[in-house]
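Just below is one structure, and these are the notes that go with it.
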Amino acid sequence: MAKIEPLAGIKKIKPYVGGAAKVAGVTNVTKLSSNENPFGPSPAAVEAFQRAGHDLHRYPNTDHAALRTAIGDLHGLDPDRIICGVGSDEIITFLCQAFAGPGDEVIYTEHGFSMYKISARAAGATPVEVAERDRLVDVDAILAGVTAKTRLVFIANPGNPTGTMIGVGELARLAENLPENVLLVLDGAYVEYVEGFDGGASLVTMRDNVFMTRTFSKMYGLGGLRIGWGYGTPEVIDYLNRVRGPFNLSMPQLAAAEAALHDRAHVARCLSENTRLRAWLAEALAEHGVPSDTSCANFILARFASEDEANAVDDFMQSEGVIVRRVAGYGLPNCLRITVGDEASCRRVAHLIGRFKGVIPAPDPKISGKKDDKKGDQKEDA
């Protein structure tokens, strides 16, 4: 009797593993492993979410018209060219479902987000990895990796977990030199942390072979709600809506996301603090002999002398109640990805790495990680 087997490629998928949130034996931790906004969502988004709770017996709108209109108004985009999903992850899944299948190839870069490979395999396509250059997307390497079987090219810009990015000129060069039947997908999960950058939206508007994804999980602090969106040609949006479930976003998700968009003061504060603390943390780690590339996101990719040292630093920080992210699975075994938290969290990270390196001989009680009841729990939850 034949046994039940999955579609080809499913067995090759290694399930995505999120950033750790707990340390055995430690009750009060500082989580810096998932690039979450340490300041949380806008109070207006929380209020909208709570109000939506009164109508949980109602089905949400299937077209997400209000949210798409709000996104379009903010970014100067045509709402009819926008699709919303359960995080940008679902949009990535839709793209692979609609445009790649058995016999097709999907290109992603050496240190690219692992969901590109997972979604490609789930659709029956073959994921193809191309090299980066010093943790930076290499346009020439991507173009060299294109074959007659290529259907999609995914790049995160800024990258995760590298934090690096390429400019609009290089994005345009890539798009112009791809075959007409290959769709370039610009994953803009961290675009909000780059002032003056539209994530490639202008390129999408001008070209038929470029698509952009965005998320509410990072800057807007709504990672727990899972809301994302994509922008492309009307034809591509039409195809994606054909595979999208009719009620993929709930009423509370839609309400919170729309309210978050309108609170520009909260976004401005989060951007300002991230920019300031990211620069401070990078400099502090460099002074302890831990370099990092210039980050354009809300995290630092700290580089150590070896994988053993990176793991030892991670173990030490966990013992002190600080959780960061090992990224050996992304081809960066000697690195740790560290979310830029609030000021107390950043100082705590720098202090602990300094202690590990022998630069700082003794604990500093001012940044010992104990809760400051006068300021609430936010510093510990960052």
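The values are calculated or read from the model by the stated rules, or taken from the named source; none is laboratory data. Everything numeric in this text was worked out from a predicted model, so none of it was measured. Cβ: placed from backbone, ideal geometry, glycine included. Neighbour counts: every protein chain shown.
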Sole exception among (1) within 30 Å of Met317 (Cα to Cα); (2) modelled with pLDDT of 95 or more; (3) in contact with a strand residue (DSSP E or B) (Cβ under 8 Å, 6 or more places away or on another chain) for Gly72, by number: (1)
For region 234-248, which residues satisfy the criterion of being of a type in the set (Phe, Trp, Tyr) and part of a loop (DSSP other than H, G, I, E, B)? Phe247
Give the residue that is farthest from the chain's Cα centre (by Cα), with candidates limited to residues of region 116-157 that are among the polar types (S, T, N, Q) and either in a helix (DSSP H, G or I) or within 25 Å of Gly9 (Cα to Cα) (or both). Thr147
Only one of Leu67, Leu7, Leu32, Leu74 is touching a Ser or Thr at 6+ places or on another chain (Cβ under 8 Å), surrounded by 11 or more Cβ atoms within 10 Å (Cβ to Cβ) and touching a residue at least 40 places away in the same chain (Cβ under 8 Å); which? Leu32
Qualifying positions in region 88-115 - assigned to a helix (DSSP H, G or I) and either of a type in the set (Phe, Trp, Tyr) or modelled with pLDDT of 95 or more (or both): Ser88, Asp89, Glu90, Ile91, Ile92, Thr93, Phe94, Leu95, Cys96, Gln97, Ala98, Phe99
Starting from residues that are touching a residue at least 24 places away in the same chain (Cβ under 8 Å) and over 19 Å from Tyr193 (Cα atoms), keep the ones in region 259-286 and report whichever is surrounded by the fewest Cβ atoms within 10 Å (Cβ to Cβ). Ala284
Test set (1) buried (at least 23 other Cβ atoms within 10 Å of the Cβ); (2) more than 17 Å from the chain's Cα centre (by Cα); (3) aliphatic (A, V, I, L, M) - Leu301 fails condition number: (2)
Filtering region 277-322 down to residues that are part of a loop (DSSP other than H, G, I, E, B) and in contact with a Leu (Cβ under 6 Å, 6 or more places away or on another chain) yields Ser292, Glu320
Residue among Pro60, Pro38, Pro79 that is surrounded by 17 or more Cβ atoms within 10 Å (Cβ to Cβ) and without any contact (Cβ under 8 Å) to a residue 24 or more places away in the chain: Pro79
Being modelled with pLDDT under 95 and of a type outside the set (A, V, I, L, M, F, W, C) narrows Pro246, Pro252, Pro179 down to just Pro246
List pairs: first in region 309-333 and β-branched (Val, Ile, Thr), second in a loop (DSSP other than H, G, I, E, B), Cβ under 6 Å, 6+ apart or cross-chain? Ile323/Ala20; Ile323/Val29; Ile323/Ser33; Val324/Leu32; Val324/Ser33; Val327/Pro161
